[in-house]
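Enquirer: This is the structure I have questions about; it appears just below.
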Number of protein chains: 2
Amino acid sequence: MAEISPRKQPRQARARATCEAVKQAAARILVTGGPPALNTNAIAETAGVSVGTLYQYYPSKQAILAELVRDMRAGMLADIERGRAQAKGHDLRTAVRLMVGASLHHHRRDALGAEAMERAEAELPMDAETDALKRRIIALVAELLAGYGIADPELAARDLSAMTRGMAQAAVAAGETDFDALTERIARGAIGYLETGCN
Amino acid sequence: MAEISPRKQPRQARARATCEAVKQAAARILVTGGPPALNTNAIAETAGVSVGTLYQYYPSKQAILAELVRDMRAGMLADIERGRAQAKGHDLRTAVRLMVGASLHHHRRDALGAEAMERAEAELPMDAETDALKRRIIALVAELLAGYGIADPELAARDLSAMTRGMAQAAVAAGETDFDALTERIARGAIGYLETGCN
DNA sequence: ATGAAATCCGAGTATTTGCTCGGATTATTG
DNA sequence: CAATAATCCGAGCAAATACTCGGATTTCAT
């Protein structure tokens with residue numbers, strides 16, 4: 001059974017830099033070579049540290065990936081929270097546009113990295129903290145939708161998240177870079193989903 | 001460099017049964033254990049044949065997966081073709097409903113299998129034949145959409161496919177089994193996407 | 001029935017991969 | 001400047017994995 005929680009806390013600045021280097025190295029390898037290319041020796045070499053050092057802070061390979069995914073989810077949650085604050089007070093249509101835009105924020109920063117991470121998440125035993133983050137994201141969207149009188153807001157939140165994720169994934173895979181246009185297209189689908197339900 | 005095209009054609013009935021057993025074993029392992037659990041020894045054992053036998057028909061592990069994915073894509077293409085034949089003559093909304101239903105046909109047969117396969121496809125070097133199948137699927141949808149005067153039908157086809165895939169994936173992951181309800185929800189999004197574009 | 005072709009077997013090989021351990025190096029403290 | 005704690009190193013081990021090979025067994029054609 002592979003441990004997932006970190007093994008030891010870095011106390012000195014040097015050690016903190018090491019941890020960060022390891023994470024970034026793992027992320028880079030994941031983007032360039034996909035999950036099968038992600039092995040501990042490669043991570044250590046890319047990070048410029050030795051395997052032994054790596055294992056002082058991460059108890060297993062999976063733990064590195066888990067922390068990477070957790071970071072991404074935390075970032076997403078922050079993006080969504082900002083989006084909701086921005087959307088407050090607007091009508092449903094513009095609120096949806098703003099929320100979709102917020103969901104795509106991490107794609108704007110690093111589209112390939114975001115995609116690689118989301119795919120990697122699938123083949124990882126879900127750790128409790130990341131699961132909680134995902135639930136909070138959905139709950140946040142559901143709460144917003146409920147404010148507009150949407151029926152079954154939880155289901156709608158899940159559907160809209162999935163819709164966004166799916167379309168973004170395909171767009172990135174196709175090499176699209178105009179995220180404003182993509183946001184607009186996703187918002188059209190989302191608004192259609194929400195408004196067609198009421199009549 | 002791993003070969004992907006099959007190594008030898010089975011000539012006798014026994015050999016054909018072996019090939020089929022290998023494929024089904026691989027599919028089952030993929031569903032129950034995910035990509036990391038898919039190794040040649042396990043495949044051979046599950047299929048009830050020896051590794052040596054396996055390697056007489058498949059030049060590499062990837063070749064097995066590739067053929068599995070190819071089969072699934074071929075099935076999807078057939079489903080979509082039937083869907084289009086059924087949709088012909090109806091108005092846009094019912095046509096969309098029928099097409100979404102057709103796209104989900106393989107999910108109805110084996111939801112977990114379909115999902116496992118689609119995820120596995122991502123970490124596989126795209127082989128030419130499968131790529132051609134995917135293109136044909138998109139082209140078919142695009143052609144249908146063009147008949148209804150949709151602008152940029154290729155892009156719309158890609159977006160709608162991605163939308164369907166994303167929502168279906170999330171629904172299956174959440175344990176949903178009512179595919180009629182799911183079809184209806186996806187269709188709402190799709191119709192919204194298509195109709196909001198025109199005004 | 002008999003030779004040839006097809007199929008099957010599974011122990012074994014070469015490689016990869018996750019991970020450990022004992023000791024060297026660097027930082028911190030009193 | 002010690003002495004102690006923190007950090008780092010990397011050779012190497014144990015296990016897993018993709019794949020091969022030589023020969024046994026079964027099927028087919030005549």
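Enquirer: Given the criterion part of a helix (DSSP H, G or I), away from chain B (no Cβ under 14 Å) and within 13 Å of DNA strand D (Cβ to nearest atom), identify the matching residue among A:84, A:73, A:16, A:28.
Expert: Values: A:84 fails: within 13 Å of DNA strand D (Cβ to nearest atom); A:73 fails: within 13 Å of DNA strand D (Cβ to nearest atom); A:28 fails: within 13 Å of DNA strand D (Cβ to nearest atom).
It is A:16.
Enquirer: Out of B:187, B:168, B:173, report the one residue that is more than 22 Å from residue B:119 (Cα to Cα) and within 21 Å of the chain's Cα centre (by Cα).
Expert: Answer to the selection: B:187.
Enquirer: If I filter segment B:14-24 for residues that are within 10 Å of DNA strand C (Cβ to nearest atom) and in contact with a Leu (Cβ under 7 Å, 6 or more places away or on another chain), do I get at least one hit?
Expert: Yes: one or more hits.
Enquirer: Have a look at A:34, A:48, A:52 and point out the one that is within 14 Å of another protein chain (Cβ to nearest Cβ), of a type outside the set (Lys, Arg) and within 16 Å of DNA strand D (Cβ to nearest atom).
Expert: Every option except A:34 fails the conditions.
Enquirer: What helices (runs of 4 or more DSSP H), lying completely within segment B:124-199, carry at least 2 residues that are within 22 Å of residue A:168 (Cβ to Cβ) and either of a type in the set (Phe, Trp, Tyr) or within 10 Å of another protein chain (Cβ to nearest Cβ) (or both)? Even if it seems obvious, please write down each step before you answer.
Expert: Numbers: elements: B:128-146, B:153-173, B:179-196.
Filter on segment B:124-199 gives B:153-173, B:179-196.
Enquirer: Between A:70, A:84, which is in contact with a Ser or Thr (Cβ under 9 Å, 6 or more places away or on another chain), surrounded by 14 or more Cβ atoms within 10 Å (Cβ to Cβ), outside the structural domain of residue A:25 (by TED's automatic domain parsing) and at pLDDT 95 or above? Let's see the steps before the verdict.
Expert: Working: A:84 fails: in contact with a Ser or Thr (Cβ under 9 Å, 6 or more places away or on another chain).
From the options A:70, A:84, the qualifying one is A:70.
Enquirer: Are there any pairs, at least 6 apart or on different chains, whose C-beta atoms fall under 9 Å, with the first in segment A:34-63 and among the basic types (Lys, Arg) and the second more than 7 Å from DNA strand C (Cβ to nearest atom), and if so, which?
Expert: Partner pairs satisfying both residue conditions: A:61/A:26; A:61/A:43.
The values are calculated or read from the model by the stated rules, or taken from the named source; none is laboratory data. Quantities reported herein were computed from a predicted structural model and do not represent experimental measurements. Glycine also receives a Cβ, built like all others from the backbone with ideal geometry; neighbour counts cover every protein chain displayed.
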